[in-house]
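Before any comments, here is the structure.
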Amino acid sequence: MIMLVMVAIVTMVTLGSSSARADTTPGPVGTAATTCASDATTGCLQGTIKLPNGDPAVGIKLEIKGGDLDTTIATGDDGKWSQAITVAGPYTITVDTSSIPDGAVLDSATKNPATVTGALNKNVGYVFKVVGGTTAADGTTTQTPGTDTGTGITFDRFLQQFASGIRLGLLLALAAVGLSLIFGTTGLSNFAHGEQVTLGGLLAYLFANVLGLNLILAAVISVVICAATGYFQDALIWKPLRRRGLGTTQLMIVTIGLSIALQYSYQYFLGASTVRIDRANPVTVDLGPITLSAQSLISMGIAVIVIALVGWVLVKTRVGRATRAVSDNPALAAASGIDVDRIIRLVWTSATALAGLSGVLLGLVLNGVNWQTGLQLLLLMFAAITLGGLGTAFGALAGAMIIGLVVELTNLVLPGDFKYATALLILILVLLVRPQGIFGRRERIG
Amino acid sequence: MSSDMIAPGADDDTTRAGTTTLSHGMTAAGAAAKASVAGVAAVPGVSKPDPILTVDHVIRRFGGMTAVDVGHLEVQRGIITALIGPNGAGKTTFFNLITGFDKPSSAPRLIGGPKAGEAAKSTFNGRDVGNTGATKVAKMGMVRTFQLTKALSKLTVIENMRLGAKDQPGENLFVSVLKPLWVKRELEITAKAEELLARFKLLDKKDDMAGSLSGGQKKLLEMARALMSDPVMIMLDEPMAGVNPALTQSLLGHIQSLRDEGMTVLFVEHDMNMVRHISDWVVVMAEGKVVAEGPASTVMNDPAVIDAYLGAHHNTDLGDDSLLTDEVAEELAAEVQNEALTEGETKA
Amino acid sequence: MDQLLQTLNAILNSAISPQTAALAIAAIGLNIHFGYTGLLNLGQAGFMLIGAYGFAISIIGGLPIILAIIIALVAALIFALILGIPTLKLRGDYLAIVTLSAAEIVRMIGRSSILTDITGGSNGLTGNQYRSPFTSLSFFGDGHITVGPWSYDATGSNGWWFIATAWFVVGVLCLFVWAIMRSPWGRVLRGIREDEDAVRSLGKNVYSYKMQALILGGVIGAVAGIVYILPASLQADSMGRSMTYFIFTALLLGGAATVFGPVLGAIVFFAIRLFVQGIAGQFIPSSIMNGQQTEQFAWIIIGITLMLVVIFRPQGILGNKKELSFDVK
Ligand SMILES: Nc1ncnc2c1ncn2[C@@H]1O[C@H](COP(=O)(O)OP(=O)(O)OP(=O)(O)O)[C@@H](O)[C@H]1O
Ligand SMILES: [Mg+2]
């Protein structure tokens, strides 16, 4: 048990110690002049601020406090700001909101003041997101709803959000299928599944960005390592605990503990900032009114193929049928000669691999990962498998697509803060009307 | 004696009663109970002079399989009725349906339910219980036990018993804060619980956790707990499974005395000896349907019943003890197994 | 040595701080849910947040403090009803998912920019916006009081007035829980925890009892929310999912289904955190582990502690294994 945590921590040590470069600036890297270069004795805090229309925001004032610093700087013509530091530790960065041009405000989801952890020999970035909106005389701001992609519900916007919804749904499904399989075969609600997603993204960052490996190679290695964590998790923690006869509630709380430990391990080694897997500038592709990055399209393609593959394995192969038999009735499955432990091991391995893949793709699609990427996704995953019902992988898939669409389409009418809220609200409403979710064993049929 | 009226097995019954280890315990009240259903014809779904429970069109399907399909059934007040039938006949499911733990598939619905007149309907003690939840049903006086015992394992035996009592004001949150408001009733309840525990040979276990009891003791505890609320009708699902014969005998006596005090008893049992010696009326279920009912002796000679239990090729009185040898039991088990297997295959 | 003393001092201070009391109160509420009734409420932080907002917004709106408290508690009651009605008839896992989700919704709405005028958005509300009516109730005077190793202002925020009221509330609630849990009402709850169907078959309205427990524990959670924000500020993100997990950790550490378990657990919880942080800060050079990392390291240890407690001592420090609130073979 402790071994696993050790494994996780060791992995993270490697990860942390080699994270030489943590560039989070969403803008083009390397094209603009940086006024700060990190070395053994200095570190950099930096970022780029853009106006809602994509132009650089010039002359935004930032107050930076921490270490031995207390200074105010402003963004340059390219919208970039940077500050050299000589002391590692937390820094508080406050945007002077009055320096933001009229018609724009700081996004409410952006922390202001923000705290970032500066480190020597490292560039630490922070993104202040500026969106359309107005500032009243008393300083309170009103954000124009849905400013990310324009205002008002037009059909084009609908299509755009719909496409994003499909994208989120597919990536969510990748992760949720695993969660659902684990629940089905072991009865365990794995609250640490989100951290498995995060792990995938962070590993890809490590291999692709830090070690500079080819992106595809990095993704493959990450997924393999994630699969290994599943294998060893089951071998070192879950199987012994099943042997000990821990109840499902107890096991669930164990996963909560694991989730806490992993989240803070990620923060320990990588800090709280967002890191990018791919340093290149995203290339966008226009499909009629829909604009998606090339990476999004490829990710969606990969997700579709992998999900289809999982479905095929479950339906057509011996192993798949055995898995479903175990989900249905473990005792009966064992009695009919299925090696339940082996199936569960396989489920853990593939579930974490899928979660890892989901994390890699999410990191690419969302332009970055941080310690809570998976955490935020966990609730959506639970919502998806509960919605989908039946406790089958296919229910999870359907549920994930619905949740993905709901989350993204919410953006059409409500500000970004609410997008998760609506998904969860829908879950609650569905439970009221049709309570056969994954957690209720379905009626035995035939 | 009422059984005189039914020709064949009747003599058998009286003769064996003397030799069996089970006491027949025929009191005046017992005779009255038998007499109350004396004139009733032994046909499935027959109406009784004073039914306490009436059910109509109760159907329960699980997926494609119909577990219970009872057109009409009445249970006579104040007598002991046995519900028998082979494994999987739907007895437990039927119990669940009438006690509100499960809902018939044929329950009336706002939209798309069954046709009027074919919707499930059940009345208990003159009141409609078709759409009543388990709690209400129990409060109305129909209390049940479970085939798979539900002792509350992390409560002590005496706490289990106290939980069965009704009218404890301390079960209200606002009253519960002040002990003086409920302590008097608690003492009464405890006295009654101890009396019952003594009867069920559990008194010296009263401070043990219920989880530490043996399987048979848990059955006893559950039955005693059900009796704490002085039910009008008690429904026992295989109450004597796993209870030792000596104790069985004394408990049967107890059940009969409950009946004599006016309680209605409906119980499921596989032990035919017990059925024939304590029940006043027997209802037989097979494959979800009521296939026969009547006094024990009649029913056990009913070809339909023998069919249901043993398959068409057997032709014996079910009450015959010789039947219950290991060999026959194994044979039966094998048959049931085969059937289940073929059924499973055809469905898969 | 100095560092060690400092750590010890920090632990002593945290042991009596109103924040610890708030965690203890939240855990007392959760104990009614999870420990005694077996309800898996993963949204206790949501109840805290509801209580905190209800209280702070009412005070800012100019209501008297008593009314503000009542509004906070009623808000939690309504929240419990909303959560309970769809889920308490279903299997326990549904409650877990719904409470978890609902708490997140509350947090997201609370920090939303649309409501900035009322809730302060993601920046939240500062303590001095709502604290003064409470401070003015103090009869402790203005001085500085030293008791044993503890020395604080009499009335200022984080002073004795805040500490005393917080722990007074803890004491009253412990007494209350003790009284109701030895009663027949508590017996029904424990029965439900073991097997709802059995209790139902005995004519108890299980749904109603579960609802009562959910409401009671939730309202106590709201009290915790008020106690939590009084000496500090109200920020939605400080009462998120992690908070719920910490409450669970504290409860299980101390011992679920015991009267004092939640209180002891809360104290031990903070003590472990500060101890680990202090030790790590002192003995591990900052080139390996910097200040922020020691804090994160402490949380990692907390996560691992939760795992180990649940596996090896599920009854916690004070509990009795025979009366455990969840099934252990
Ligand atoms: N929840 C359920 N889901 C699916 N099928 C069920 C369910 N409950 C019961 N059944 C089926 O309904 C049939 C009747 O079951 P039931 O438990 O009522 O039998 P029984 O007469 O009590 O048998 P026994 O004498 O063995 O206790 C069985 O075939 C069983 O498999
Ligand atoms: Mg049965």
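The values are calculated or read from the model by the stated rules, or taken from the named source; none is laboratory data. On a predicted model such as this, the values are computed, not experimentally measured, just so you know. We place every Cβ from the backbone using ideal geometry, glycine too, and count neighbours over all the protein chains shown. Areas reflect the complete protein model, heavy atoms only, side chains present, ligands, DNA and RNA absent. Shrake-Rupley method; radii C 1.70, N 1.55, O 1.52, S 1.80 Å.
Computed FRET efficiency, Cβ-Cβ of A:Lys239 and B:Asn131, R0 45 Å: what is it to the nearest 0.05?
Result of the calculation: an efficiency of 0.45.
Report the FRET efficiency, 1/(1 + (r/R0)^6), for A:Leu432 and C:Ala164, where r is their Cβ-Cβ distance and R0 is 51 Å, rounded to 0.05.
Once the sixth-power term is evaluated, E becomes 0.70.
Given R₀ = 25 Å, FRET efficiency for C:Ala154-C:Leu81 by Cβ-Cβ distance, to 0.05?
It comes out at approximately 0.05.
To the nearest hundred square angstrom, how large is the accessible surface buried between B and C, total for both chains, probe 1.4 angstrom?
Separately minus together, B and C give about 2700 Å² buried.
Could you work out how far the C-alpha centroid of the stretch B:51-113 sits from that of the stretch C:241-310, in angstrom?
54 Å
The stretch B:168-266: which GluC sites (Glu not before Pro) are DSSP loop and have at most 13 other beta-carbon atoms within 10 angstrom?
Working: sites: B:Glu171, B:Glu186, B:Glu188, B:Glu194, B:Glu195, B:Glu222, B:Glu261; in loops: B:Glu261.
Answer in residue order: B:Glu261.
What whole number of Å gives the distance from the Cα centroid of the stretch A:157-179 to the Cα centroid of the stretch B:126-150?
Result: 47 Å between the Cα centres.
Most mobile of C:Tyr36, C:Tyr245, C:Tyr53 per a Gaussian network model of chain C (Cα springs, under 10 Å)?
Of the options given, C:Tyr245 has the highest mean-square fluctuation.
Give, rounded to the nearest 20 debye, the magnitude of the charge dipole that the stretch B:93-222 has about its Cα centre when Lys and Arg contribute +1 at Cβ and Asp and Glu contribute -1 at Cβ.
280 debye
Under the rule of at least 5 residues apart or a separate chain, name every residue whose amide H is placed under 5 Å from the amide H of B:Val268.
B:Leu83, B:Leu236, B:Asp237, B:Glu238
Place a point 7 Å from Cα of C:Ser286 in the direction of its Cβ. Which residues in the stretch A:49-88 have their backbone N less than 14 Å from it?
Output list for this probe position: A:66-69, A:86-88.
Hey, if you put +1 on the Cβ of every Lys and Arg and -1 on every Asp and Glu Cβ in the stretch C:173-254, which of C:Gln212, C:Ala222, C:Ala232 ends up farthest toward the positive end of that dipole?
So the residue we want is C:Gln212.
So, with +1 on the Cβ of K and R and -1 on the Cβ of D and E, and no other charges, what is the size of the charge dipole of the protein assembly as shown about its Cα centre, to the nearest 20 debye?
The calculation lands at about 1280 debye.
Put +1 on the Cβ of each Lys and Arg and -1 on the Cβ of each Asp and Glu in the protein assembly as shown; which of A:Leu432, A:Ile64, C:Gly254 then has its Cα farthest toward the positive end of the dipole?
Result: A:Ile64.
Put a dot 7 Å past each Cα toward the Cβ at B:Thr123 and A:Lys65; how far apart are the dots in nm?
8.0 nm
HN-Hα J couplings of the stretch C:4-11 from phi, Karplus 6.51/-1.76/1.60, θ = phi - 60°, integer Hz, Gly and Pro as x?
Running phi through 6.51 cos²θ - 1.76 cosθ + 1.60 with θ = phi - 60° gives 4, 4, 4, 4, 4, 5, 4, 5 Hz.
At 7 Å along Cα-to-Cβ for each site, give me the label-to-label distance between C:Asn128 and A:Asp286 in nm.
That separation, rounded to one decimal, is 5.4 nm.
Taking θ as phi - 60°, what are the ³J(HN,Hα) couplings along the stretch A:365-373 by the Karplus curve (6.51, -1.76, 1.60), each to the nearest whole Hz, with x for Gly and Pro?
Residue by residue, the stretch A:365-373 yields 5, 8, 6, x, 10, 9, 4, 10, 4 Hz.
Once phi is turned into ³J(HN,Hα) by the Karplus curve 6.51 cos²θ - 1.76 cosθ + 1.60 with θ = phi - 60°, what whole-Hz value does each residue of the stretch A:58-72 show in order, with x for glycine and proline?
9, x, 6, 8, 10, 9, 10, 10, x, x, 9, 9, 7, 9, 10
Working out 0.36 nm times the residue gap between B:Ala31 and B:Lys179, then minus their Cα-Cα distance, what length gain in nm do you get to one decimal?
48.6 nm
Round to a whole angstrom and tell me the spacing of the C-alpha centers of the stretch C:172-234 and the stretch C:31-51.
Going from one Cα centre to the other spans 9 Å.
How far apart, in nm, are the 7 Å Cα→Cβ label points at C:Ile66 and A:Thr248?
Output for this residue pair reads 4.8 nm.
Would you grab the residues whose amide H sits under 5 Å from the one on B:His72? Only those 5+ places off in sequence or on another chain, please, with H modelled 1.01 Å from N.
Close amide H contacts, sequence-distant or interchain: B:His57.
Which far-off residues, 5 or more places away or on another chain, put their amide H under 5 Å from the one on B:Val291, with H placed in the peptide plane?
B:Val284, B:Met285, B:Ala286
Within a Cβ distance under 10 Å of C:Ser201, other residues only, what is the Lys/Arg minus Asp/Glu net charge?
Net local charge, C:Ser201 excluded: +1.
At 222 nm, what value in deg cm²/dmol follows for the protein assembly as shown if DSSP H runs of at least 4 each add -39500 (n - 2.57) and the sum is divided by all its residues, to the nearest 500?
About -16500 deg cm²/dmol.
Taking the mean number of other Cβ atoms within 10 Å as a proxy for protection, how do you rank A:281-294, A:258-271 from highest to lowest?
The densest-packed peptide leads the list: A:258-271, A:281-294.
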